[in-house]
Amino acid sequence: VKDLRKKGNDGHHDVALLDEALGKIKGAATAINDVIKVRENQQELLELESKWNGYEFSKAGRTIIKHGPLVKRCRRADKPFYFVLFSDVLVYGRKETLGTVDRYVHHREIQLEHSKVLSISDESEKPVEEQSDDARAFQVLSDQKAFVVMASNVADKDAWVDAVDKAVGRQRVRRGTVDQATPFAAVWTPDREQKSCTICEKDFTVLRRRHHCRSCGRLACKDCTSKRVLLKHIDSKSAVRCCDMCYDDLQDKEDDDDD
Ligand code: ZN
Ligand code: ZN
């Protein structure tokens, strides 16, 4: 077509026909690429599923959106996990390599309907070398569990936050979820980030151990977390550990409700 045009044959009937044919070929190529992409994605999924222990991947109406490694901030250390985002849930497991064989041990499933993701800090304007660890971290909040994960870089974090955010939105529409009726669980402060009790400020020791308030996620000693409250979004049946500050707040709230 280019050659014909160069020769000044723009108006030639063949040029138009060739253009049309080229357009069709391009369209067909895109369609074929899409089919290949879907098939590759399915193959990837099947391969991952065959190595994943303790969780059923396939479920009616479920599609896979994104998967990859993220580092989860845990109580004592940062731990690598492998995350899989489906259209209805986010699941993660631990990757184990035995010799040359990878396998995944299922850890947890989070219902997207009751979840939310939040970037911790937006440092996309800063040059890469000035960005903090938080720049590639985000919070996963759900009714039962909340935690912080880190992607390998800011672009990967943005891709995850965007993918989860959109999936949550779509799932809530599908399920007809109106409002976030239940509160989110609190993100637990990692043990190593704090040397003393939030409330009485006494240092933690082998004897004065760290405890997490289930309501606010902060660390406090045993004496300051002796109360138990029923937090229905975390555990509908048994009362859970709560710090004195939260306990007072919750009592105040109940008093207000009574008014
Ligand atoms: Zn204390
Ligand atoms: Zn608390």
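Side notes on the structure shown:
- Total residues in the stretch 228-245 satisfying the condition of being modelled with pLDDT under 90 and surrounded by 14 or more Cβ atoms within 10 Å (Cβ to Cβ): the figure is 4.
- Single unsatisfied condition, K237 versus (1) more than 21 Å from the chain's Cα centre (by Cα); (2) within 20 Å of R75 (Cα to Cα); (3) away from ligand 2 (no atom under 12 Å from the Cβ): (2)
- Hits in the stretch 187-235 - residues which are touching a Lys or Arg at 6+ places or on another chain (Cβ under 7 Å) and hydrophobic (A, V, I, L, M, F, W, C): W188, F204, C213, L219, C221, L231, I234
- For the stretch 192-226, the candidate set comprises residues that are surrounded by fewer than 21 Cβ atoms within 10 Å (Cβ to Cβ) and among the aliphatic types (A, V, I, L, M); within that set, the residue that is farthest from ligand 1 (Cβ to nearest atom) is V206.
- Number of residues in the stretch 212-232 that are near ligand 2 (Cβ under 10 Å from one of its atoms) and among the hydrophobic types (A, V, I, L, M, F, W, C) equals 6.
- Here V187, V140, V206 are screened, and the one residue that is modelled with pLDDT of 90 or more, within 22 Å of F83 (Cα to Cα) and β-branched (V, I, T) is V140.
- Members of the stretch 137-191 found to be among the charged types (D, E, K, R), buried (at least 19 other Cβ atoms within 10 Å of the Cβ) and part of a loop (DSSP other than H, G, I, E, B), listed by number: D143
- Boolean, S196 is of a type in the set (G, A, S) and either within 21 Å of V71 (Cβ to Cβ) or in contact (Cβ under 8 Å) with a residue 12 or more places away in the chain (or both): no
- Leading residue by the ranking (farthest from A146 (Cα to Cα)) among those in the stretch 197-228 that are assigned to a strand (DSSP E or B) and under 28 Å from the mean Cα position of the chain (by Cα): A220
- Residue, surrounded by the most Cβ atoms within 10 Å (Cβ to Cβ), within the stretch 113-136, restricted to residues that are out of contact with any Ser or Thr (no Cβ under 8 Å at 6 or more places or on another chain) and part of a helix (DSSP H, G or I): D133
- Among (1) touching a His at 6+ places or on another chain (Cβ under 8 Å); (2) touching a residue at least 60 places away in the same chain (Cβ under 8 Å); (3) more than 21 Å from A77 (Cβ to Cβ); (4) of a type outside the set (D, E, K, R), the one test that W188 misses: (3)
- Conditions (1) modelled with pLDDT under 90; (2) exposed (fewer than 13 other Cβ atoms within 10 Å of the Cβ); (3) within 20 Å of A159 (Cβ to Cβ); (4) not hydrophobic (A, V, I, L, M, F, W, C): number failed by P80: (1)
The values are calculated or read from the model by the stated rules, or taken from the named source; none is laboratory data. No experiment lies behind these values; they were computed from the predicted model shown. Reconstructed Cβ throughout: ideal geometry from the backbone, glycine too, with neighbour counts over all protein chains shown.
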